[in-house]
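The structure appears below as structure tokens.
Each reported figure results from applying straightforward, stated rules to the coordinates on display, with no laboratory input. Here the structure is a predicted model, which is why all the values come from computation and not from measurement. Heads up, the Cβs are rebuilt from the backbone with ideal geometry, glycines too, and the neighbour counts pull from every protein chain shown.
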Amino acid sequence: MANGPGGPQVVIPGAGWVDVASRVVVQVGFPIVVAGVLLWFVLGKFQETMVTIVNRMAANTEAAAKLVETETKTLDELQTQTGELRAQTVAIQQLVELKRRDLERQK
């Protein structure tokens with residue numbers, strides 16, 4: 001037996017999507033169907049928009065966390081440098097005081 005083309009396709013009335021759609025339109029009315037389709041479209045777009053917003057907010061949160069971390073490290077470094085500058089200031093003041101005393105002795 002050869003695998004030839006199947007028999008003719010039989011179309012059963014009422015089984016296609018066009019028939020189902022036309023029955024829905026007849027039963028609930030055209031304006032209701034149009035409103036339903038528009039609502040479905042808007043909600044679908046709304047969901048896509050919300051997913052985009054959530055993804056961007058997550059990326060912004062990560063960027064903000066990195067910024068805070070960088071600023072914290074910068075602050076720590078500045079505080080370290082401030083301590084070093086204070087130590088250098090004390091050392092310079094001691095040198096100035098020693099030089100002043102030396103000059104007083106030479107007079």
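Assorted remarks:
- For the range 17-106, size of Cβ-based charge dipole, Lys and Arg +1, Asp and Glu -1, in debye: 140
- Dipole orientation for the chain: of the candidates 106, 29, 58, 106 has the Cα lying most toward the positive pole (charges on Cβ; Lys, Arg +1; Asp, Glu -1).
- Backbone HN-Hα couplings from phi across the range 28-34 [Karplus 6.51/-1.76/1.60, Hz, Gly and Pro as x]: 9, x, 4, x, 5, 5, 5
- Between residue 21 and residue 95, the modelled label-to-label distance comes to 8.9 nm, taking each label 7 Å out from Cα in the direction of the beta carbon.
- Those lysines that a straight Cα-Cα span of less than 16 Å connects to residue 107, excepting residues fewer than 8 apart in one chain: 99
- Karplus (6.51, -1.76, 1.60) ³J(HN,Hα), θ = phi - 60°, over the range 16-22, in Hz, Gly and Pro reported as x: x, 5, 5, 5, 5, 5, 5
- Those residues of the range 20-55 whose amide nitrogen sits under 14 Å from the label point placed on residue 70, 7 Å along Cα→Cβ: none
- Residue-wise HN-Hα coupling along the range 57-71, computed from phi with Karplus coefficients 6.51, -1.76, 1.60 (Hz; x: Gly, Pro): 5, 5, 5, 5, 5, 4, 5, 5, 5, 5, 5, 4, 4, 5, 5
- Among 97, 69, 84, residue whose mean-square fluctuation peaks in a GNM of the chain (springs only between Cα atoms under 10 Å): 97
- Cβ-based charge dipole, the range 17-106, positive-most Cα from 67, 96, 20: 96
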